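K.L.:
Before I ask anything, let me first share the structure, which is written out below as structure tokens.
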Amino acid sequence: MQIEHIQLTLPNQQILPFKKGITALEVMKHPAVTLQGKALYVKVNNAVFDLKRPIQENAHIEWVCWESTAGKVFFGQVTAYLLGTALKRHYPDAKILAMKADEKGFYCEVDFQGMGFEGKDLARIEAEMSIWTQAKISSEWFDTEGDLKGNEQGGLTGQVFQAEGQALSGVQYAFGEITLKVPIALLPDTGYIKGFKLLNMAGVYWQGNANQKQVTRIYGISFPEKALLKAYFALIEEAKKRDHRKLGASLEFFTFSDQVGLGLPLWLPKGAFLREGLMQVLGEKLEKAGFAFIKTPHIAHKNLYVTSGHYQKYSEDTFQAMHTPQKDEVFLLKSMNCPHHCQVYQSKPRSYKELPIRLAEFGTVYRYEKHGELHGLIRTRCFTQDDGHIFCMPSQIKQELIASVQLIISVFKAFGFEKYSAQISVRDLANLEGYIGSKANWDLAEQALVQAADFCGLATTVLEGEAAFYGPKIDFMVEDALGRAWQLGTVQLDYQLPQRFGLTYTSATHTTERPVMIHRAALGSLERFIGILLEHTGGRLPLRLCLEQVSILPIATKYIAYSQKIAQMLKAHGIRAKVDTREEKINRKIRDAAVNKTPYMLVIGEKEIATKQVAVRKQGQPAQKIMGIPELLDLLALDVDELINKVD
């Protein structure tokens with residue numbers, strides 16, 4: 001009897017013959033197959049197959065591994081199904097309303113229908129799941145219209161269930177006793193889930209609607225190795241230490257006051273100096289790049305935002321309108337800078353010879369964020385954007401986009417963010433009602449952003465439906481020292497606001513033309529960036545941005561006078577130093593300076609005075625060095641200039 005064969009195209013484009021009905025698990029054993037991690041499922045001609053499902057026809061296959069975002073989401077999704085199974089076993093009358101996951105974890109939403117479920121019950125459910133993962137229960141697939149294929153666990157004795165509202169695929173899966181009607185494949189067996197933890201539970205409204213019933217949401221995290229789970233909790237502990245809210249309070253950068261209002265930070269001297277330092281460093285960079293700084297008011301007439309379209313789109317995110325004694329005169333707190341910059345452009349007639357016109361502003365804006373969404377400096381109601389807007393001719397778009405992307409990347413690297421990627425947000429072609437402007441202009445804008453990202457070598461993903469209402473954008477995702485991704489910086493291409501505001505320029509042939517507008521921000525906002533920078537560095541900031549750069553620590557009271565002379569000498573060279581005159585032991589002074597994240601400590605004693613030297617200890621380095629004052633000044637000068645040199 002002749003065995004039928006099929007041809008499978010591997011990810012490296014190698015085409016190999018296999019017997020018809022082979023599974024991905026069997027394909028993985030072929031010596032030509034190489035994996036970049038732990039394979040969880042396979043795409044067969046872009047259709048999702050579990051690793052045990054037979055492949056019946058010629059196909060291109062693509063491995064999806066844990067290391068990818070898709071792999072992490074899939075792994076969490078399967079664990080959510082396992083949680084749902086355990087809950088259903090212990091609470092058969094409960095309604096499983098949702099079983100979802102993203103790259104950060106998974107959750108189940110459950111209506112226990114009056115049955116008691118408390119935090120202590122999580123341990124019982126977790127124990128049940130542990131038994132199943134250790135038993136390595138095989139998952140089996142079967143056609144929805146057919147019988148179970150090769151059920152090694154025996155007959156199905158449990159209840160068939162699905163999360164409400166989830167569409168079903170043509171395949172169903174079984175984990176042991178329970179049949180799961182799920183829209184995706186499962187892992188080959190429960191043993192793949194080697195590390196997991198149910199983290200907490202919370203009451204939420206079903207579908208996020210306050211008019212709906214309150215249900216229970218159970219959160220969890222899962223990994224293919226126990227070591228990854230251990231590393232996760234170690235990361236959580238480190239993140240707690242680096243929490244910018246904790247650092248901001250202990251290092252006295254900023255504070256909040258209920259009497260001032262939620263989400264409105266008060267900047268203390270260290271924080272205010274840090275803000276000013278960031279604006280100075282970035283400002284010098286922008287001026288060299290041809291930007292001219294402007295300043296616009298904190299309020300504007302409502303009609304400005306009606307013309308731009310922001311009021312119609314975001315009126316619920318603005319603060320209450322301010323009515324003047326003049327009839328029908330309404331003002332709003334500024335919630336974005338771009339309409340103001342359009343007015344600056346429009347302040348006089350423009351010629352093609354002036355373009356591109358690059359305007360920059362550290363503009364403070366105000367947006368009403370809900371109480372539950374406020375989070376330290378990361379989410380505030382008042383923040384200052386490093387906003388920039390470029391008005392250019394269509395022929396200048398490419399070079400201006402590339403320059404904007406390169407500028408943002410240089411800023412990331414200067415502050416130690418070496419890992420970054422980009423998300424290109426485009427229209428949802430199936431739902432165009434939320435966007436303004438012509439299809440032709442949108443096509444041009446989206447294509448231009450993709451080309452600029454490719455030219456700059458950015459690793460990109462395309463997000464459909466995430467574009468701004470006036471144009472597509474590139475949002476930069478930056479990875480911090482703890483491996484967490486943050487959205488920082490953006491470049492947006494806009495044909496619409498120049499149209500809505502009637503912006504024009506005179507061309508070389510004396511015709512009236514419409515400029516194109518590029519929105520650009522490197523930091524996003526000073527508040528958010530400072531919060532992320534504090535967590536990324538653990539509070540150890542570049543020397544240039546520190547209000548107190550050097551702490552001088554005399555070993556005894558008799559050395560204070562000499563220490564004061566050193567401080568004055570440093571001040572004369574532009575270095576900010578403070579003498580610790582407390583009657584404390586030197587070890588305590590060193591410890592306190594370290595806790596305060598002072599970049600440099602100078603220890604002064606009898607020996608240092610006699611040799612006219614200082615004992616220098618740099619933050620984060622255990623050993624101290626003995627050096628003369630000229631050498632110290634050279635060291636500090638280099639360190640102060642390091643940040644601006646990196647940005648340049």
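K.L.:
What's the number of the only condition in (1) of a type outside the set (S, T, N, Q); (2) open to solvent by 60 Å² or more (accessible area, probe 1.4 Å); (3) farther than 30 Å from Gln212 by Cβ; (4) in a loop (DSSP other than H, G, I, E, B) that Ala32 fails to meet?
P.N.:
Here Ala32 clears every test but (2).
K.L.:
So which pairs qualify, if the first residue must be in segment 284-311 and on the phi > 0 side of the Ramachandran plot and at pLDDT below 95, the second must be outside any strand (DSSP E or B) and open to solvent by 50 Å² or more (accessible area, probe 1.4 Å), the Cβ gap must be under 8 Å, and the two must be at least 6 apart or on different chains?
P.N.:
Final answer for the pair search is Gly309/Arg500.
K.L.:
Also, quick follow-up: Which residue is surrounded by the fewest Cβ atoms within 10 Å (Cβ to Cβ), if the candidates are limited to segment 372-404 and must be of a type in the set (S, T, N, Q) and in a helix (DSSP H, G or I)?
P.N.:
Looking at the filtered set, the residue picked out is Ser395.
K.L.:
Something else about it: Report, by residue number, each residue of segment 607-635 that is within 21 Å of Asp592 (Cβ to Cβ), of a type in the set (A, V, I, L, M, F, W, C) and open to solvent by less than 60 Å² (accessible area, probe 1.4 Å).
P.N.:
Matches in segment 607-635: Val614, Ala615, Val616.
K.L.:
Can you pull out every residue in segment 221-273 that is aliphatic (A, V, I, L, M), part of a helix (DSSP H, G or I) and either farther than 17 Å from Leu526 by Cα or open to solvent by 20 Å² or more (accessible area, probe 1.4 Å) (or both)?
P.N.:
Ala227, Leu228, Leu229, Ala231, Ala234, Leu235, Ile236, Ala239, Ala249, Ala272
K.L.:
Among the candidates Gly502, Gly531, single out the residue that is of a type in the set (Gly, Ala, Ser), open to solvent by less than 50 Å² (accessible area, probe 1.4 Å), out of contact with any Ser or Thr (no Cβ under 6 Å at 6 or more places or on another chain) and outside any helix (DSSP H, G or I).
P.N.:
Criteria check complete, one pass: Gly502.
K.L.:
Now for a separate question. Of all residues in segment 619-638, which are under 14 Å from Met601 (Cα atoms) and in a helix (DSSP H, G or I)?
P.N.:
Ile629, Leu632, Leu633, Leu635, Leu636
K.L.:
Could you check Lys597 against (1) basic (Lys, Arg); (2) out of contact with any Lys or Arg (no Cβ under 9 Å at 6 or more places or on another chain); (3) not in a helix (DSSP H, G or I) and say which number it fails?
P.N.:
(2)
K.L.:
Sticking with this one: Considering each residue of segment 318-351, count those that are surrounded by 17 or more Cβ atoms within 10 Å (Cβ to Cβ), assigned to a loop (DSSP other than H, G, I, E, B) and out of contact with any helix residue (DSSP H, G or I) (no Cβ under 9 Å at 6 or more places or on another chain), and give that number.
P.N.:
Of the residues in segment 318-351, 2 are surrounded by 17 or more Cβ atoms within 10 Å (Cβ to Cβ), assigned to a loop (DSSP other than H, G, I, E, B) and out of contact with any helix residue (DSSP H, G or I) (no Cβ under 9 Å at 6 or more places or on another chain).
K.L.:
Still on this structure: Anything in segment 43-54 that is outside any loop (DSSP other than H, G, I, E, B) and either modelled with pLDDT of 90 or more or among the acidic types (Asp, Glu) (or both)? List them, or say none.
P.N.:
Lys43, Val44 - these are the residues of segment 43-54 that are outside any loop (DSSP other than H, G, I, E, B) and either modelled with pLDDT of 90 or more or among the acidic types (Asp, Glu) (or both).
The values are calculated or read from the model by the stated rules, or taken from the named source; none is laboratory data. As the structure is a prediction and not an experimental result, all values here were calculated from the model. Reconstructed Cβ throughout: ideal geometry from the backbone, glycine too, with neighbour counts over all protein chains shown. In case anyone asks, the SASA skips ligands and DNA or RNA and just uses the protein heavy atoms, side chains included. Shrake-Rupley method; radii C 1.70, N 1.55, O 1.52, S 1.80 Å.
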